[in-house]
Amino acid sequence: MRPPQECTSIEEVRAAIDMLDRTIVETLGQRFGYVKAVTRFKKSADDVAAPARAQQVIATRRAWAVEAGLDPELVEQLYRLMINHFIEEELKLLRARKELD
């Protein structure tokens, strides 16, 4: 994959974007695997919500966004959406585990 400034056609740019998007989606899948794994160490809905941890994650990702030349507001919105979704998934896993106990 060439650097963006070296691309010579729209098709080449789109192919690179598609490749990066696939990597992003695969990485999100890997992240979800760790989200499921961390649920093994959580005992309650409060443990799952972990608001202090969520704020720490948001602050760090905002800083990373600035370093990468991205809009930190966009990155925060993406992470809030992702965190909220994964919290719901963790709660489902927690409830399922408690039903088995």
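List of remarks:
Conditions tested, residue by residue: (1) loosely packed, with under 11 Cβ neighbours inside 10 Å; (2) at pLDDT below 95.
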residue	(1), (2)
ASP18	yes, no
ARG31	no, no
ALA49	no, yes
VAL57	no, no
THR60	no, no
ALA63	no, no
GLU67	yes, no
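- Of all residues in the range 12-50 being hydroxyl-bearing (Ser, Thr, Tyr) and in a helix (DSSP H, G or I), the one that is nearest to the chain's Cα centre (by Cα): THR27
- Selection from the range 74-92 of residues that are over 15 Å from the mean Cα position of the chain (by Cα) and without any contact (Cβ under 8 Å) to a residue 12 or more places away in the chain: LYS92
- Pair list, Cβ < 8 Å and 6+ apart or interchain, from the range 15-32 residues that are closer than 17 Å to PRO3 by Cβ to residues that are surrounded by 12 or more Cβ atoms within 10 Å (Cβ to Cβ): ALA16/CYS7
- Some residue of the range 4-11 being free of Cβ contacts under 8 Å to residues at least 40 places away in the same chain, surrounded by 14 or more Cβ atoms within 10 Å (Cβ to Cβ) and not in a helix (DSSP H, G or I): yes
- Sub-8 Å Cβ pairs linking a first residue in the range 34-51 that is hydroxyl-bearing (Ser, Thr, Tyr) to a second residue that is surrounded by fewer than 16 Cβ atoms within 10 Å (Cβ to Cβ), at least 6 apart or interchain, are THR39/ARG97, ordered by first then second residue.
The values are calculated or read from the model by the stated rules, or taken from the named source; none is laboratory data. Computed from a predicted structure; not experimentally measured. Ideal geometry is used to build each Cβ from the backbone, glycine not excepted, and the neighbour counts take in all protein chains shown.
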